[in-house]
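Asks: My structure is below; once you've seen it, I'll send some questions.
The values are calculated or read from the model by the stated rules, or taken from the named source; none is laboratory data. What you see is a predicted model, and the numbers here were worked out from it, not measured in a lab. For neighbour counting, all protein chains shown are included, and Cβ atoms are generated from backbone atoms with ideal geometry for every residue, glycine included. Only protein heavy atoms, including side chains, enter the accessible area calculation; ligands, DNA and RNA are left aside. Shrake-Rupley method; radii C 1.70, N 1.55, O 1.52, S 1.80 Å.
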Amino acid sequence: ADYSIRCLGAQYDLLLAYAAVCVLVYPLGVNAMYVCLLVRHVSEIQRGGGKHLGFLFRSYKSHYFYWEIVEMFRRFMLVGVFVVVRQGSIEQLAYATFFALIYLTIQLQASPFRLRSERSFALSNFSLVNTLACGFYAGIH
């Protein structure tokens, strides 16, 4: 990094605003587009069609065709939201741990995966909850 460059002025402010918009457009825009595609083609998907959207629902049981959206929401919350909420605080860990635990509970209850081999994905969410909980415990002691 070149610390001699001053990041002030109209050009910097414009580029900063542009970067902020891009950071929001990508995760929110892609998710919104996927939701629109699934809603638009829901009847086709439930009849066994919609192969062009298979990347969104192929891994899930037919009545959980939307689960990829739920999974993308989980990633957005953990990587996009909780990263900036009260950075470095114990509250940040508490929020992320609570959210991950709720998601894990919902995922285990729903069991959305089509194949048994893909159900092991829940184990990775269990590991995430344990890692966050250990960080939370370490932070309060």
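Asks: Quick check on my filter: what residues within the range 120-139 are among the small types (Gly, Ala, Ser) and either farther than 27 Å from Tyr60 by Cα or open to solvent by 50 Å² or more (accessible area, probe 1.4 Å) (or both)?
Replies: Ser120, Ser124, Ser127, Ala133, Gly135, Ala138, Gly139
Asks: Any chance the range 6-26 includes a residue that's under 25 Å from Val81 (Cα atoms), out of contact with any Ser or Thr (no Cβ under 9 Å at 6 or more places or on another chain) and of a type in the set (D, E, K, R)?
Replies: Scanning the range 6-26 turns up at least one residue that is under 25 Å from Val81 (Cα atoms), out of contact with any Ser or Thr (no Cβ under 9 Å at 6 or more places or on another chain) and of a type in the set (D, E, K, R).
Here's the yes/no breakdown for (1) within 30 Å of Ala20 (Cβ to Cβ); (2) in contact with a strand residue (DSSP E or B) (Cβ under 6 Å, 6 or more places away or on another chain):
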site	(1), (2)
Val83	yes, no
Leu93	yes, no
Phe98	yes, no
Gln107	no, no
Pro112	no, yes
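Asks: Could you check the range 65-80 and list, in sequence order, the residues that are open to solvent by 40 Å² or more (accessible area, probe 1.4 Å) and part of a helix (DSSP H, G or I)?
Replies: Once the filter is applied, which keeps residues that are open to solvent by 40 Å² or more (accessible area, probe 1.4 Å) and part of a helix (DSSP H, G or I), the range 65-80 yields Val70, Phe73, Arg75, Phe76, Val79.
Asks: Quick check on this structure: which one of Arg86, Arg114 is out of contact with any Asp or Glu (no Cβ under 7 Å at 6 or more places or on another chain), at pLDDT 85 or above, among the basic types (Lys, Arg) and on the phi > 0 side of the Ramachandran plot?
Replies: Residue meeting the stated conditions: Arg86.
Asks: Can you name the residue in the range 100-110 that is free of Cβ contacts under 8 Å to residues at least 40 places away in the same chain and either among the aliphatic types (A, V, I, L, M) or not in a helix (DSSP H, G or I) (or both) and is also surrounded by the most Cβ atoms within 10 Å (Cβ to Cβ) among such residues?
Replies: Taking the candidates together, the pick is Ala100.
Asks: Residues being open to solvent by 90 Å² or more (accessible area, probe 1.4 Å) and over 21 Å from Met77 (Cβ atoms): count how many of those fall in the range 17-35.
Replies: 1
Asks: Going residue by residue through the range 36-47, is there one that turns out to be within 20 Å of Glu118 (Cα to Cα), open to solvent by 50 Å² or more (accessible area, probe 1.4 Å) and either assigned to a helix (DSSP H, G or I) or touching a Gly at 6+ places or on another chain (Cβ under 8 Å) (or both)?
Replies: No, every residue in the range 36-47 fails to be within 20 Å of Glu118 (Cα to Cα), open to solvent by 50 Å² or more (accessible area, probe 1.4 Å) and either assigned to a helix (DSSP H, G or I) or touching a Gly at 6+ places or on another chain (Cβ under 8 Å) (or both).
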